[in-house]
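The values are calculated or read from the model by the stated rules, or taken from the named source; none is laboratory data. These numbers were taken from a predicted model, which means no experiment stands behind them. All Cβ positions, even for glycine, are placed from backbone atoms using ideal geometry, and neighbour counts span all protein chains on display. Just so you know, the surface numbers come from the protein's heavy atoms only, side chains and all, with ligands and any DNA or RNA stripped out. Shrake-Rupley method; radii C 1.70, N 1.55, O 1.52, S 1.80 Å.
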Amino acid sequence: MSDEIVIDKNSFHTRLSAFVTQWKSDKRSDALFSGIGSIFICVGKASDGAYPKSAAFQLWLLGYEFPATLFVITQDALHIVTTKKKASFLEGLKGGKVPVEIHIRGKDADENAEQLKKCAEIIKSSGKKVGVLTKEAPQGPFADEWKKAYGEISGDLEETDIALIMSNAALAVKDEKELRAIRDASRASSGIMKDYFVDEMSGILDEEKKIPHSKLAQQVADKIDDSKFFQKLKVSSSFDPMNLDWATQPVVQSGGSYDLKFNTDPDSDNLHAGVIIAALGLRYQSYASLVARTYMVDPTKEQESNYKALVAVHEVVLKAIRDGVQGKEVYSKALAALKSKKPDLEKNFPKSVGYGIGIETKDITLSLSAKSSRVLKDGMTLMIQTSFQDLESKNSKDKRAKTYSMVITDTVRVTADGTAVFTKDATYDLDSVCFFFNDDEEPAPKPKEKKKDSRIGAVAQSNVVTTRTRNERAANVDAEKENQRREHQKELHKKKHTNGLRKYTEGAGQLNGVEEKKFHKFDSYKREEDFPSKVKDLTIVADVKNQSIILPIMGRPVPFHINTIKNASTNPEGERMVSLRINFLSPGQGVGRKDDQPFEDANAHFVRSLTFRSADKDRMNAIAASITDMKKDNARREQEKKQLEDVIAQDKIILDRRPQKLDLLFVRPALDGKRVPGEVQIHTNGIRYVHGGGFGGQTIDVTYANIRHLFFQSCKQELIVIIHIHLNNPIMIGKRKTKDVQFYREATDMQFDETGNRKRKHRYGDEEEFEAEQEERRRRSDLDKQFLAFAKRIEEASRDDKSGRDDNLRVDVPFRDLGFNGVPARSSVWISPTTDCLVQLTEPPFMVVTLDDIEVVHLERVQFGLKNFDMVVVFKDFTRPPQHINTIPVESLDAVKDWLDSVEIPFSEGPLNLQWSTIMKTVQADPHAFFTDGGWSFLAAESDDEDGEESEEESAFEMSDDEVAASVVSSEDESDFDENASADASDEDASGEDSEGEDWDELEKKAKRKDRESGLDDEEEKSGGKKRKR
């Protein structure tokens, strides 16, 4: 324990001396310390949960709580009475500006009593007034002993409550270290609320699960042990999740029962899809935070209106807080804002909109209420809470939804100019807190009919009729939908551009994802004794084992590693001699992939090549061939090494004795060997596939921590039912690297064959075929249920694995109805979106594109007359090649656009295929310059230009209102069809064509005349006669 507890001596004396200095300077006015001569603070048993002011003062001074310890403070010294073990930690505090005296308690009861009597005498001798925490009653044997000793002198003393003094002089205004601790606690709290609770809650409601408030709150409470989750939040550079603790245990409330003080434990009622309130507060390095949010599922307009009013009041409170403002001023502004917006809700508004927060979870002396005259100071931290308690929903038929409450709680810091909100990451705007799972829209209110003027009679109220036909009405609806989508896309592109400028600041340089190449020294041999024995002959030796070539130079063998050699070649010189030329890598060669080859000193002198002559042609050719083979082998090894760079070594699977299993499964990519089914087993920290089932076969292990997405694909309209796993990092299956592992079973009945071959032993009638079809549907339905249930078990097992994942794993199901045909690789396949991805899981190679990874989408070859278009997905990781999905039928264009718009992905379209390799090189070279020059706007500009051209063509012919009216009248007048109109027109066309050529009758006569002259007509007549005779 002594190794763990280290008290910061500098911080201790700085804070203690500041406290005593304020005390001494208050002598003249006694405004703060009320003329007290001494203070005693007694801590009995250790605090459980919230710290009282006595323990908070200890933590403020020492950084730790010391139970069974007495502090007696005077303006001259600090006296501490504690046990021997605790005293050992305090010995180092002696020798500061304010003297510290430590009184060590032992096993002798009389000596202990005498020590407490001495402390009581020190209090008595310091003055008649003594500062006491009157509202605290410490418990335990030590506290009882002190009560007895103090009771002997208490009659001669006047007690003054020091709760306000402690808050003003010590606890309320925080230094920089304390502010950082509260900021980190607040960020961690808002991170759990935003990145964990909201996902959990929405998933439960979306899947219509029944889960009690207490169980959901416990799941959130258990998240404190997931250190990887907090590391992912990136709270601060020095943040250590091991220093976290709960200040306010997670609270979940819904269904009409709400306690906005968050003092009671969550009840066992199930989560209700209505108004849900969640609150939690983490403590970091003893400093607390609190965040609470209200979430609404399918809210009514009345609830939305009330929540907007609550947000407005909350914003008024945050703006009103600053240095020098009194607490009652803040409350009065909040109340005035409420009265101006919703005066009828004043009875539901709380009596205070905030309290102090720090080591104490609630400092009631620092209250923002109508009676609080406490002045706020720069450096104070507050818990701001605005709420409406027990509102009534007038039109609700659900009993649990008739009464509801709303609350917004933030942890903030007071500054000289305003407020710094530490919990701002957990957003509370209306769009962030509303969830809509009910597709039925509320019926639009009927517009009130205008009173007609009795003088007008039956005359139409409007002269212009916007749509006269069904086709025109449909076109107007489509045009309105297109305009809404276009406006939304402009907002998404603008947001994407703003984020790009913020992310890639000036001077970021290249972002090509390739680390700067470093010079590597290649050691052929460590010692001269390692040379091959052949070097004694001073001949050229190709040492394949050590990947080196040993050349005789100046009578000595000199080794060259194969990585230093560019190539080798032989050239005949006359009839007897041959020369071997060995070229080395050197700067400035300017060709090939080795242009960026790093060198230790590029300005040094380099040997470009060496040439050797010999009469042994075969040997020279063999050496050149050996060098070439060694270069190829080395290049192959480097390529394999590069491919395996991102392959990780997963943790070992912790096996369960009785794992849950699903058998008769095949795996893709397939394992080497005979194609036999295996089984998937669910274990503690991952799943295992056993080839062939049972023990002893090949295995594939996947840990939950390495699973990014888990998919289930039904066998409806497919030949197989699938459980598909997409990994964070690739693994090796056999000799292949893969990021996708798929388990499937064939859904077709192999014994039933409709082709009529020998498996079909008798002829089926209609009834038998109908029964067989029914059986096929039942079997497919059972397969879907079995595989989906197993996928859910994998999801549940991953949640129980506390040490594995940073977030929750969910079973994702493709929405086939939203899918489309496309060619992502070799063949045309059905591509379906899911909640989080765009996938193709039926045919390898599989495609899994995570929506969160997408930067923009561009649709190519979108132009009139083409039957297909292409989709290009550009990822946020610019080093990743864009994903191409080609040959999508143009009938799917609107559906694809609607889907992309619904998932908040900016897209653009153009008539041509772009050179994406060149574009991505430009982006990688300097992202800041790319976004400064407009970013992806050049894609949107292309589609805008095309739309502009179309609109110009469409607007070439326009009619005025008078012409429209005239055309309507003329069309009504000429409604009788003129039978001669077409004949007249055809006569006119024929007369116009007479001058250009002959009519068909004349051409036919000429053709017959030529046939007679050639004899063809006679042959036709003869053949016709023969046919008639038959």
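The amide H of residue 926, built 1.01 Å from its N in the peptide plane, has 511 as neighbours under 5 Å, considering only residues 5 or more places off or on other chains. Ordered by 1.4 Å accessible area with all protein chains kept, 769, 304, 904 run largest first as 904, 769, 304. Applied to region 275-288, the Karplus parametrisation 6.51 cos²θ - 1.76 cosθ + 1.60 on θ = phi - 60° returns per-residue 3J(HN,Hα) values of 8, 10, 10, 10, 9, 7, x, 8, 10, 10, 6, 6, 9, 9 Hz, with x for Gly and Pro. Taking 0.36 nm per residue of separation and subtracting the Cα-Cα distance, full extension of the segment from residue 488 to residue 924 would add 154.2 nm.
Accessible surface calculations at 1.4 Å, restricted to protein heavy atoms, place region 1-155 at 50 Å² per residue.
Summarise the accessible area of region 1-89 (1.4 Å probe, protein heavy atoms) by the percent that is carbon and sulfur. Answer for region 1-89: carbon and sulfur cover 48 percent of the accessible area. Neighbours of residue 51, meaning other residues whose beta-carbon lies under 13 angstrom from its beta-carbon, give a summed charge of -2 when Lys and Arg score +1 and Asp and Glu score -1. Per residue, the accessible area of region 181-286 comes to 42 Å², computed with a 1.4 Å probe over protein heavy atoms only.
Here are some pairs, 737/921; 362/424; 194/223; 215/351; 261/397; which of them have Cα atoms lying more than 22 Å apart in this structure?
Violating the 22 Å limit, Cα to Cα: 737/921; 215/351; 261/397.
For region 593-749, the solvent-accessible area with a 1.4 angstrom probe is 59 square angstrom per residue.
Could you work out the local net charge near residue 379, counting Lys and Arg as +1, Asp and Glu as -1, over the other residues with Cβ closer than 11 Å to its Cβ? Show your work: numbers first, answer last.
Values: positive: 174, 377, 413; negative: 175, 176, 178, 323, 378.
Residues close to residue 379 contribute a combined charge of -2.
Residues whose amide H lies under 5 Å from that of residue 290, counting only those 5 or more places away or on a different chain, are 411; hydrogens are built 1.01 Å from N in the peptide plane.
Highest mean first, the peptides 671-683, 182-194, 480-492 sorted by other C-beta atoms within 10 Å per residue fall in the order 182-194, 671-683, 480-492.
If you stretched the chain out fully between residue 398 and residue 729, how much longer would it get, using 0.36 nm times the residue separation minus the C-alpha to C-alpha distance? Can you show the working numbers first?
Values: separation 331, 0.36 × 331 = 119.16 nm, distance 4.75 nm.
Length gained between residue 398 and residue 729: 114.4 nm.
Close amide H pairs (under 5 Å, H built 1.01 Å from N) link residue 297 with 274, 275, 276, 435, residues at least 5 positions away or on another chain.
Please give the Cα centre distance for region 788-849 versus region 114-175, rounded to the nearest Å. If you average the Cα positions of each part, the centres end up 65 Å apart. Other residues with beta-carbon under 12 Å from the beta-carbon of residue 423 carry, at +1 per Lys or Arg and -1 per Asp or Glu, a net charge of +3. Rounded to the nearest whole Hz, the Karplus-based 3J(HN,Hα) values (6.51 cos²θ - 1.76 cosθ + 1.60, θ = phi - 60°) of region 405-418 follow the sequence 10, 9, 8, 10, 10, 9, 9, 10, 10, 7, 10, 5, 9, x, with x at glycine and proline.
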